[in-house]
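Throughout, read-outs are computed from the coordinates displayed, never taken from laboratory work. The model shown is predicted, which means the values in this text are computed figures rather than measured ones. For neighbour counting, all protein chains shown are included, and Cβ atoms are generated from backbone atoms with ideal geometry for every residue, glycine included.
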Amino acid sequence: TRKSSRKMNSRSSDLLLRVALEASGQRFTEQRAAVFRYLKLTDVHPTADEVLLAVREELPGISLATVYKSLETLVGCGLAVKLTYADTSARYDGRTDAHHHARCVVCSRVLDLPGDISSNEIEALRREASGFTITGYRLELS
């Protein structure tokens with residue numbers, strides 16, 4: 001059934017969170033678990049305020065400060081990605097695999113894009129960036 005499937009997904013995400021937190025010397029908390037579960041279930045790339053509103057349905061007493069701390073902990077453990085833009089609030093992505101985004105500069109909505117850039121193209125760009133040590137890349141269509 002749908003309810004038992006949701007419960008099983010909740011247990012597996014809690015286990016994944018526990019392992020990642022312990023590996024980083026962090027504690028598992030219900031607040032962190034609620035934030036993590038929400039990020040894993042959404043594809044809207046929410047701001048911290050949006051995470052707060054969603055998680056308050058499960059934990060009515062959670063504060064914005066706790067949400068921020070939980071999000072930063074998840075980012076530090078590699079379980080979430082922080083998308084920062086100079087002109088808007090940071091957004092968070094529960095999807096940590098390599099993927100690209102499209103961002104609307106009017107409403108700030110962020111979408112995941114399908115597809116990949118070939119390793120040959122990445123290598124060609126690395127060669128063009130002489131004098132830099134490339135540590136990663138992010139493709140975003142605005």
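Brief remarks on what is shown
- Computed FRET value (nearest 0.05) for GLU72 with THR96, which takes r as the C-beta separation and R₀ as 25 Å: 0.95
- Descending semi-axes in whole angstrom, ellipsoid equivalent of segment 63-142, from the Cα gyration tensor: 26, 16, 13
- With each label modelled as a point 7 angstrom along the Cα→C-beta vector, the ILE134-SER119 pair spans 1.3 nm.
- Per-selection metrics, segment 89-135 (Cα): Rg and Dmax in Å: 14.1, 37
- Hypothetical label at ALA86: residues of segment 99-113 whose amide nitrogen lies under 14 Å (7 Å Cα-Cβ projection): none
- Packing order of peptides 12-21, 64-73, highest average first: 64-73, 12-21 (average count of other Cβ atoms within 10 Å over each peptide's residues).
- Taking only Cα atoms of segment 56-96, radius of gyration then Dmax in Å: 11.4, 31
- Between the beta carbons of ARG11 and LEU111, assuming R0 = 35 Å, the FRET efficiency works out to 0.75 to the nearest 0.05.
- Nearest-ten-degree value, helix 119-128 long axis tilted from longest Cα axis of the chain: 60 degrees
- Once the convex hull of all Cα atoms in the chain is built, its volume per residue stands at 155 Å³.
- Net charge of neighbours whose Cβ lies under 13 Å from the Cβ of ALA20, counting Lys and Arg as +1 and Asp and Glu as -1: +2
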